[in-house]
């Protein structure tokens, strides 16, 4: 794996994964190093790392090919032999039988392990992992593919580290608060005093496309204490930011909106032009979305806007396909076609061509219609094309999220963010 | 930046970017290291790196906050002073005037540079970069945000490295061949002799969701020679893999299919059920797709399949919503609704619920209809939901790609992959 990383062909997601896992165990990660599939440089890096760390997590280079030399290099650094392990050999032959694949002579190499090490079983591939205790340090070798590495860490290495007292006395725990409908500087302004004064938990802002995130991170003796600190800060941030906080951690805006549609008990239909199906894709990416999502019409041509959504030829001629008038007729057409309670229509100029002085690339009209209230607006988003479309879907979901929040509040049910 | 990386909160895309840039300059990257915003550990890592490398590229920690200490640490390691730079100060104040932002006292710190260094101008932020030559080594400090780092590297550092003879005598150049319609092991089997015997260029396979990639990499004295080697191998691989190679490098399957729709001169309409708009989104992500894409109907409910696509109640009752019969009627309905030459329909069980013994989660029926030929198939894709939908869209695009290729061949126009 190292060589692909050093050529910049792939990005190092294993480092991220393992670092996050170690943070959750309260183990400080001070260094990450990438080195190629070269014995001398690998040995050099392992020796350096052993000088400065107690735990070395090493990924990749356990496969059957000639490039895969990690085990052998570590054995060399530690001055240990490689020994054939019959039980590993049984597992490897079993894997090939089970998956019906053909074995090569090289696979036999994978049954050799470092003398005196513990073998980590690999349920999703042929390369076993290895754990060696040596000179008051722990060395763990993981296979490179994430789908093999993740279960091996979680089922075997994490418990080992906890049982052997490596989990830290200080736990680092964090929660991401996801915010829609506020720009980065506006959101920061609303909480900047808390950001400046709170030492534990800390608050760090991140801007993403059409969303702002605040990461609240606590460092404490135990996880309950960390959660309590984070809960307290979450409450204070919600007092400032209100219903614009739509969710926590991995919760997407489409999932939050879906939960709210279900809570309010209404159905949704779409009319998409420039976004081409993106909004429908996002909404249906949520399992169970068929409970509230009826469907959509992607009217990429004017003809389709007329025949399928009933937009009038006069409206198109007088105001154009990208106009509030067209968006309003599109939303009516979608609601009628699907018989839904709520409709969203998006029509805009995603570019790179098709702009005009009056309606430059990035002009997007969005209409959201509910039984209680309707909203239609002209927005100006920055190219490129993919960003314009993403922000359009984000804006539409944000409008619906906030409108449904008002409906809940009017019912006397306080609107809540959606958990992970 | 380092601390966020060590906590696993973000992934290290800067390392990938810089490594790829150095590979294209023929400079071997042997090590990547991540360290936190801690003076002692940063100094330790810089000293170690200086022992083993000629060029040190360091990113992050140049901002105005107290955590940003990279410049000061490097100055300390090199035994140089920090000096106030009037021209940098002018640039920083100019940036704030231009963007209308408020300056803080900390921004003055950003005008201090390492004595005897060259300042790298930052067009997209306030933090200047720094380049220092010291003891036959080059140290470059870059700001962390990619949109500031990339232009700084390309406009200032890359030319410096070339002018000062750091660009390697050996150039590493590669091309990605993108393959649809063949599984990883099938594709590998068809070219395994070339993979085993060719030393320069090398061929490495990668599997991605519903696609296989072959990376052809040449290492030569100059870029023209590398391109010639890669062109030669591309021809040999095309003899084996034929029209299943749909594109090179960054070419997506939706872009390749779009180019072919334009070449053949036909229009397309969609009927999507489980994919919820994903296929429309992919097709319209290509600029200019309105030339051949008319629109789609996302019929998430049975009611919509009947009323908008004309699927008969009998078909739905007898065969179910996920059936070849329904897919065939959906494709007819979409072609009729939009008046298109070609139609694609997708209906399936994306899960996690909704499966049955006869039609488990992952069962997807896809119909592709053209004026020349029609194709309808039942596929079984592995969960999770997002994978099932992605593979469904991939399968539909693959079928259309290959069908249109046969049309071109019949016209006497050899079908070609689509370039980057």
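The values are calculated or read from the model by the stated rules, or taken from the named source; none is laboratory data. If you're wondering where the values come from, they're calculated on a predicted model, not measured in any experiment. Quick reminder, even Gly has a Cβ in these numbers, built from the backbone with ideal geometry, and neighbours come from all protein chains shown.
Just a few scattered comments:
- The condition (being more than 13 Å from chain B (Cβ to nearest Cβ) and not in a strand (DSSP E or B)) is satisfied by just one residue among A:61, A:26: A:61.
- In segment A:284-310, the residues that are within 26 Å of the chain's Cα centre (by Cα) and more than 7 Å from chain B (Cβ to nearest Cβ): A:286, A:288, A:289, A:291, A:292
- Filtered residue count, segment B:401-420, keeping only those that are over 15 Å from residue B:265 (Cα atoms) and without any contact (Cβ under 8 Å) to a residue 24 or more places away in the chain: 3
- Checking segment A:396-411 against the condition returns a match, with at least one residue being modelled with pLDDT of 95 or more, surrounded by 15 or more Cβ atoms within 10 Å (Cβ to Cβ) and within 14 Å of another protein chain (Cβ to nearest Cβ).
- Of all residues in segment A:175-213 being surrounded by fewer than 17 Cβ atoms within 10 Å (Cβ to Cβ) and within 17 Å of residue A:250 (Cα to Cα), the one that is modelled with the lowest pLDDT: A:207
- Of the criteria (1) more than 7 Å from chain A (Cβ to nearest Cβ); (2) assigned to a helix (DSSP H, G or I); (3) in contact with a helix residue (DSSP H, G or I) (Cβ under 7 Å, 6 or more places away or on another chain), which one residue B:19 fails: (1)
- Filtered by the rule that a residue be at pLDDT below 90 and surrounded by 20 or more Cβ atoms within 10 Å (Cβ to Cβ), segment A:13-25 gives a lone residue, A:23.
- Residues of segment B:261-283 that turn out to be buried (at least 24 other Cβ atoms within 10 Å of the Cβ) and more than 9 Å from chain A (Cβ to nearest Cβ), as a count: 2
- Checking each residue of segment B:229-245 against the condition of being closer than 23 Å to residue A:302 by Cα and more than 9 Å from chain A (Cβ to nearest Cβ) gives no match.
- From B:339, B:362, B:419, B:354, residue being touching a strand residue (DSSP E or B) at 6+ places or on another chain (Cβ under 6 Å) and at positive phi: B:362
- Here the helices (runs of 4 or more DSSP H) wholly within segment A:171-283 that include at least 1 residues being free of Cβ contacts under 8 Å to residues at least 24 places away in the same chain and either in the same structural domain as residue A:323 (by TED's automatic domain parsing) or in contact with a strand residue (DSSP E or B) (Cβ under 9 Å, 6 or more places away or on another chain) (or both) are A:184-197, A:223-241.
- Of the criteria (1) in contact with a strand residue (DSSP E or B) (Cβ under 7 Å, 6 or more places away or on another chain); (2) at the interface with chain B (Cβ under 7 Å from one of its Cβ atoms); (3) within 30 Å of residue A:163 (Cβ to Cβ), which one residue A:6 fails: (3)
- Checked against (1) in contact (Cβ under 8 Å) with a residue 40 or more places away in the chain; (2) crowded, with 21+ Cβ neighbours inside 10 Å, residue A:292 meets all criteria but (1).
- Looking only at residues in segment A:361-377 that are out of contact with any helix residue (DSSP H, G or I) (no Cβ under 6 Å at 6 or more places or on another chain) and outside any loop (DSSP other than H, G, I, E, B), the one that is surrounded by the most Cβ atoms within 10 Å (Cβ to Cβ) is A:363.
- Residue within segment B:86-103 that is over 33 Å from the mean Cα position of the chain (by Cα), more than 10 Å from every other protein chain (Cβ to nearest Cβ) and under 27 Å from residue A:30 (Cα atoms) present: no
- Of all residues in segment B:29-47, those satisfying the criterion of being within 7 Å of chain A (Cβ to nearest Cβ) and out of contact with any strand residue (DSSP E or B) (no Cβ under 8 Å at 6 or more places or on another chain) are B:29, B:36.
- Any hit, segment A:379-389, residues being within 14 Å of another protein chain (Cβ to nearest Cβ) and either surrounded by 23 or more Cβ atoms within 10 Å (Cβ to Cβ) or closer than 23 Å to residue A:241 by Cα (or both): yes
- The residues of segment B:127-148 include none that are outside any strand (DSSP E or B) and modelled with pLDDT of 95 or more.
- The residues of segment A:284-296 that are touching a helix residue (DSSP H, G or I) at 6+ places or on another chain (Cβ under 7 Å) and in a helix (DSSP H, G or I), listed by number, are A:289, A:291.
- Residue in segment B:311-323 that is touching a strand residue (DSSP E or B) at 6+ places or on another chain (Cβ under 6 Å) and facing chain A (nearest Cβ under 8 Å) present: no
Here is a yes/no grid of residues against (1) surrounded by fewer than 17 Cβ atoms within 10 Å (Cβ to Cβ); (2) at pLDDT 95 or above; (3) within 30 Å of the chain's Cα centre (by Cα):
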{"residue": "A:27", "(1), (2), (3)": "no, no, yes"}
{"residue": "A:31", "(1), (2), (3)": "no, no, yes"}
{"residue": "A:38", "(1), (2), (3)": "no, no, no"}
{"residue": "A:48", "(1), (2), (3)": "no, no, no"}
{"residue": "A:54", "(1), (2), (3)": "yes, no, no"}
{"residue": "A:60", "(1), (2), (3)": "no, no, yes"}
{"residue": "A:67", "(1), (2), (3)": "yes, no, no"}
{"residue": "A:74", "(1), (2), (3)": "no, yes, no"}
{"residue": "A:78", "(1), (2), (3)": "no, yes, no"}
